[in-house]
Amino acid sequence: MTEDALLEVDGLVVDYPVAHGVFRAVDDVSFTVRRGGTLAIVGESGCGKSTIARSIVRLVKPTAGRIVVGGTDIARLSEKQLRPMRTRVQMIFQDPYGSLDPHLSAQEIVAEPLRVRGMRDKRARAKEAATLIDQVGLPATALERRPPEFSGGQRQRIGIARALASKPDLLVCDEATSALDVSVQAQVLALLMKIQAETGLTYVVISHNLGVVREISEEIIVMSEGRLVESGPTRKVLAAPDHPYTRALRRAALDPTAIHGRKPRELVAPSAMRLPAAPVQRGTDR
Ligand SMILES: Nc1ncnc2c1ncn2[C@@H]1O[C@H](COP(=O)(O)OP(=O)(O)O)[C@@H](O)[C@H]1O
Ligand SMILES: [Mg+2]
């Protein structure tokens, strides 16, 4: 493992039990993410992206392979052994509506991980929660409000503040901005990048939006049917994709009508709005 790699995933295999045996959702996937860097995972629906994310935060136990976070292989650890590692890797989910307790105030939601982290003094927790709420760009008036009173983008900010409260080394964002309007997506992305610049947090970002990926990540892996089919620097891979699948993905992203069932505006990323679109490749590749 290289000196500055925070996350090393090596030969990851995940099988899900199904009616007649197992279904291999992730098949021998390896990648590393440097400390303070951002890796993007892209690929069609069902290719295993969320399974990789859930493995990294150990919501699923891998069938084989290593997941080394800051020098510790967490792939096979028991629940008890995992406990001290749990705070170090946090996840932001797509659905800000489902992931926050509607009965708690924003301050209580953000203060809870502080308690878990061992901050005993209630006033100290409230103060730290207020700092975190401020860090994610919400006003002080947000502290006493409950999730149903916030917009989707504001709820996602609360989710980010809650994740930050654990002082993680690694944040896994699984389609974290996909449910949001395009302008709100851009704001949440800008926030994630600001936080990374301030804290040196490492990101794994899953998105079907190549504009988002281009904006936020320097390294990318492309998945298809559980396997890694292409990887490398994001700009290089997206500018000159080697694999037919990556070419098809890129073509689809440049032509919103090519993706069935998605409104074009959901495909327009912040960078795509500013940069002229790259020429659409028309070749014989699928
Ligand atoms: N708990 C499960 N049991 C059985 N199959 C699953 C389970 N979770 C996901 N899968 C299957 O594994 C594959 C990968 O799923 P997932 O990782 O969610 O893909 P993605 O996030 O790329 O859309 C899909 O075919 C999905 O149907
Ligand atoms: Mg998914």
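The values are calculated or read from the model by the stated rules, or taken from the named source; none is laboratory data. Given the structure is predicted, the values throughout are model-derived calculations rather than measurements. Neighbour counts run over all protein chains shown; Cβ positions are idealised from the backbone, glycine included. Side chains are part of the model used for accessible areas, which takes the heavy atoms of the whole protein and leaves out ligands, DNA and RNA. Shrake-Rupley method; radii C 1.70, N 1.55, O 1.52, S 1.80 Å.
Overview of values
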| item | result |
| --- | --- |
| Condition check for Leu132: within 18 Å of Asp169 (Cβ to Cβ), surrounded by fewer than 17 Cβ atoms within 10 Å (Cβ to Cβ) and among the hydrophobic types (A, V, I, L, M, F, W, C) | no |
| The stretch 160-185, residues that are open to solvent by less than 30 Å² (accessible area, probe 1.4 Å) and over 25 Å from Gly46 (Cα atoms) | Ile160, Ala161, Ala163, Leu164, Ala165, Ser166, Pro168 |
| Selection status of Asp121, of a type outside the set (Phe, Trp, Tyr), farther than 30 Å from Gly37 by Cα and open to solvent by 40 Å² or more (accessible area, probe 1.4 Å) | yes |
| Qualifying residue in the stretch 28-51 (condition: within 15 Å of Val222 (Cβ to Cβ), away from ligand 2 (no atom under 16 Å from the Cβ) and among the hydroxyl-bearing types (Ser, Thr, Tyr)) | yes |
| Subset of the stretch 55-81 [within 15 Å of ligand 2 (Cβ to nearest atom), without any contact (Cβ under 8 Å) to a residue 60 or more places away in the chain and of a type outside the set (S, T, N, Q)] | Leu59, Val60 |
| Qualifying strands (runs of 3 or more DSSP E) (wholly inside the stretch 3-105; at least 1 residues being open to solvent by 60 Å² or more (accessible area, probe 1.4 Å), away from ligand 1 (no atom under 16 Å from the Cβ) and of a type outside the set (Gly, Ala, Ser)) | 5-18, 21-34, 64-69 |
| Condition met for Ser105 (away from ligand 2 (no atom under 16 Å from the Cβ) and not assigned by TED's automatic domain parsing to the domain that holds Leu6) | yes |
